[in-house]
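Report on the following structure.
The values are calculated or read from the model by the stated rules, or taken from the named source; none is laboratory data. Values in this document were obtained by computation on a predicted structure and should not be read as measured data. Because the Cβ atoms are built from the backbone with ideal geometry, glycine has one as well, and the counts that use them run over all protein chains shown. Just the protein is used for accessible areas: all its heavy atoms, side chains included, with ligands, DNA and RNA removed. Shrake-Rupley method; radii C 1.70, N 1.55, O 1.52, S 1.80 Å.
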Amino acid sequence: MTATIQLAAVRKHFGATVAVDGIDWSADTGVIGVLGPNGAGKTTLLRMLATVLAPDDGSVRLFGLDPGRPKERLAIRRQLGFLPQHAGLYRNFSAFDLVDYVAVLKEISDRARRRVEVRRVLVAVGLEAEMHRRIRTLSGGMQRRVALAAALLGEPRLIVLDEPAAGLDPDQRLRLRHVLSDVGSRATVVMSTHQSDEVVALCRQVVVIERGRRLFDGTPAALTAVADGRVWVDDHPHPDALRSWVTGDGTVRSIGSPPPGAQIVSPTIDDGYLLLTNEIGAHA
């Protein structure tokens, strides 16, 4: 069976800046997290998956179809939901009318069925009480959830989310986890995030990108294991540590090459990510 996403030697540049540099990658059903520092190429990669950008080189296939061909691109978009980093909502629309408008664009032409679907996705993101308020009166987190509701319309097979948890409070993030874990049981969900706890809670697969290149593709547990034996605590920072910081209990936690006799502790996914991007990424 054809994987939902198949990328081969994909490259994208903007002038002299290479945003995506020869990425090979495939993915199928489940929630996949994309991690990387600012400017690593995450948004460019996601926009190519959403068929907003075309690669300069290489091959992108979604559901086995080529988004470079207009008819196949249309077929892809009928099965695609996209939450961009900046959604650009119509501020004078109500949340309901905005999502209803997107539903029309997504070819849900039957009015009764469309209204049921619009209500379904707004309830799913926790906006049942605010659905008839104008966008301009909603908080930033609520506006983000309106855009997420629009991305969920029609139960797409591929959902691309650029920083979906941005601006959400802890309760809203838990609701987001519930929604995405449910959707990810039957669709491919690709989300970029700076919040590693979301990756641990939600994702079966995590991809780390640095300078437009794929440094890692595996499970959250495997990314955490990158730092096995490389994290220690002490009462002072070590001069050769890659990173050191004082924790809430007053001890100093360091990552890197531990000195002899160091008190080794269990790593977190953040530790693995920092080692990967600062050691491997520096030589990529």
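The residue among Ala227, Ser192, Gly167 whose Cα reaches farthest toward the positive pole of the charge dipole of region 160-245, with charges on the beta-carbon of Lys, Arg, Asp and Glu, is Ser192.
Sparsely packed loop sites in region 1-102 (the trypsin sites (Lys or Arg not before Pro) outside DSSP H, G, I, E and B with at most 16 other Cβ atoms within 10 Å) comprise Arg78, Arg91. Label-to-label distance for Leu242 and Arg113 is 5.2 nm, based on points extended 7 Å past Cα in the beta-carbon direction.
In straight-distance terms, cross-link reach from Lys106 covers every one of the aspartates and glutamates whose alpha-carbon lies under 18 Å from its own, apart from those fewer than eight places away in the same chain; here that gives Glu72, Asp97, Glu117, Glu155. Of all lysines in the structure, those lying under 17 Å Cα to Cα from Lys42, and not within fewer than 8 positions of it along the same chain, are Lys12. The overall shape of region 33-91, judged from the alpha-carbon gyration tensor, is oblate: a/c is not under 1.5, and a/b is no greater than b/c. Modelled this way, with points 7 Å down the Cα-to-C-beta line, the labels at Arg133 and Asn38 are 2.9 nm from one another. Sort out for me the Cα centre separation of region 165-179 from region 100-132, rounded to whole Å. First find each Cα centre; the distance between them is then 20 Å. For Lys71, a cut-off of 19 angstrom between C-alpha atoms picks up these aspartates and glutamates, skipping any fewer than 8 places away in its own chain: Glu107.
Residues considered: Ala19, Ala221, Ala54. Largest GNM mean-square fluctuation over the chain, using C-alpha springs under 10 Å, is found at Ala221.
Among the protein heavy atoms of the chain, carbon and sulfur supply 51% of the accessible surface, probe 1.4 Å, non-protein parts ignored.
Here's the picture: charge each Lys and Arg Cβ at +1 and each Asp and Glu Cβ at -1 in region 31-137, and of Tyr90, Leu105, Met131 the one pushed furthest to the positive end of that dipole is Met131. In whole percents, the pair-distance distribution calculated for the chain from its alpha-carbon pairs, binned every 5 Å from zero, is 1, 6, 11, 14, 16, 15, 13, 10, 7, 4, 2, 1, 0, 0, 0.
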